[in-house]
Amino acid sequence: MNFFVVIGKNALYTYERDGRRFEPQFIEGSELFALNSTNIAEDVNSYMEILANEKNLGTIAKLEFEVLEGSEDNLNAAVKNALGEHIVKKFSLETTLTTVFKKLQRDKKLLIDTYGINYEGYSYKFENNSLVQEEFDLLAYTIHSNDVVGLMDCN
């Protein structure tokens, strides 16, 4: 069974792909699965077991993941390492946010060109044809993983 996982700040957000749409999955009743930075491998293994049980798969061997990386390289590496051979596709945060940024720029009322977007505690602006990460900006347009997944190009 194929799932789309967004690596957030100390959490995983899970979606089930239905064609080009993504449906949020609630693991143990929550939209996010919290990760403890000292036990990432253990937490990810627990996450896969819980997901397999909730979907009545019987074993984690049937799980496949498409993964959207987060802003923290160490966390990305640890989660991807723990998911191992279950990963079928990876998406970089920079490429994905660039696509999301360009789509949101179409709505001039959001003032994306001026203030940028906030995602997972950081602000992102497009400067000199590249995405720049800065501190959280109260004036920037805040998006969440559901927004990113809904706006990204995922082919």
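With (1) of a type in the set (Lys, Arg); (2) in a helix (DSSP H, G or I); (3) over 18 Å from the mean Cα position of the chain (by Cα) as the list, and LYS103 as the residue in question, which single condition is left unmet?
Every listed condition holds for LYS103 apart from (3).
For a quick check of your reading of the model, give me the residue pairs whose first member lies in segment 132-155 and is free of Cβ contacts under 8 Å to residues at least 40 places away in the same chain, whose second is open to solvent by less than 60 Å² (accessible area, probe 1.4 Å) and part of a helix (DSSP H, G or I), with beta-carbon atoms closer than 8 Å and at least 6 apart or on different chains.
Hits for this filter: TYR141/LEU104; TYR141/LEU110; TYR141/ILE112.
Of the conditions (1) part of a loop (DSSP other than H, G, I, E, B); (2) at pLDDT 95 or above, ALA82 fails just one. Which one is it?
That leaves (1) as the condition not met.
Of a type outside the set (Asp, Glu), part of a loop (DSSP other than H, G, I, E, B) and within 15 Å of the chain's Cα centre (by Cα) - does that describe any residue in segment 140-150? Show your work before the answer.
Of all residues in segment 140-150, those of a type outside the set (Asp, Glu) come to 140-146, 148-150.
Restricting the remaining residues to those that are part of a loop (DSSP other than H, G, I, E, B) gives 140, 143-144.
Imposing the further condition that a residue be within 15 Å of the chain's Cα centre (by Cα) reduces the set to 143-144.
Taking every residue of segment 140-150 in turn, at least one turns out to be of a type outside the set (Asp, Glu), part of a loop (DSSP other than H, G, I, E, B) and within 15 Å of the chain's Cα centre (by Cα).
Checking the conditions here, which among ILE50, ILE60, ILE7, ILE27 is without any contact (Cβ under 8 Å) to a residue 24 or more places away in the chain, open to solvent by less than 70 Å² (accessible area, probe 1.4 Å) and not small (Gly, Ala, Ser)? Talk me through it step by step, then tell me what you get.
Numbers: ILE60 fails: without any contact (Cβ under 8 Å) to a residue 24 or more places away in the chain; ILE7 fails: without any contact (Cβ under 8 Å) to a residue 24 or more places away in the chain; ILE27 fails: without any contact (Cβ under 8 Å) to a residue 24 or more places away in the chain.
One residue alone meets the criteria, ILE50.
In segment 128-139, which residues are farther than 19 Å from GLY8 by Cα and in contact with a Gly (Cβ under 9 Å, 6 or more places away or on another chain)?
Of all residues in segment 128-139, those farther than 19 Å from GLY8 by Cα come to 128-130, 138-139.
LEU139 - this is the single residue of segment 128-139 that is farther than 19 Å from GLY8 by Cα and in contact with a Gly (Cβ under 9 Å, 6 or more places away or on another chain).
Suppose the filter is modelled with pLDDT under 95 and touching a helix residue (DSSP H, G or I) at 6+ places or on another chain (Cβ under 9 Å); does ILE27 pass it? First the steps, then the outcome.
Values: modelled with pLDDT under 95: yes; touching a helix residue (DSSP H, G or I) at 6+ places or on another chain (Cβ under 9 Å): yes.
Yes: the conditions hold for ILE27.
Out of ASN45, ASN118, I need the residue that is modelled with pLDDT of 95 or more and over 16 Å from the mean Cα position of the chain (by Cα). Which one?
Numbers: ASN118 fails: over 16 Å from the mean Cα position of the chain (by Cα).
Exactly one of ASN45, ASN118 is modelled with pLDDT of 95 or more and over 16 Å from the mean Cα position of the chain (by Cα), namely ASN45.
Restricting to segment 30-47, name every residue that is open to solvent by less than 40 Å² (accessible area, probe 1.4 Å) and either under 17 Å from PHE4 (Cα atoms) or of a type in the set (A, V, I, L, M) (or both). Even if it seems obvious, please write down each step before you answer.
Step one: filter segment 30-47 for residues open to solvent by less than 40 Å² (accessible area, probe 1.4 Å), giving 33, 35, 40, 43-44, 47.
Across segment 30-47, the qualifying residues are PHE33, LEU35, ILE40, VAL44, TYR47.
Which of the residues spanning segment 87-99 are open to solvent by 20 Å² or more (accessible area, probe 1.4 Å) and in a helix (DSSP H, G or I)?
GLU94, THR95, THR98, THR99
Taking segment 63-72, which residues are open to solvent by less than 70 Å² (accessible area, probe 1.4 Å) and either more than 12 Å from LEU83 (Cα to Cα) or in contact with a His (Cβ under 8 Å, 6 or more places away or on another chain) (or both)?
Restricting attention to segment 63-72, the residues satisfying the condition of being open to solvent by less than 70 Å² (accessible area, probe 1.4 Å) are 63, 65-72.
The answer is LEU63, PHE65, LEU68, GLU69, GLY70, SER71, GLU72.
The values are calculated or read from the model by the stated rules, or taken from the named source; none is laboratory data. Computed from a prediction, not measured in an experiment: that's the story for all the values here. In this analysis, Cβ positions are derived from the backbone assuming ideal geometry, glycine residues included, and neighbour counts consider all displayed protein chains. Heads up: the accessible areas ignore ligands, DNA and RNA and are worked out on the full protein's heavy atoms, side chains in. Shrake-Rupley method; radii C 1.70, N 1.55, O 1.52, S 1.80 Å.
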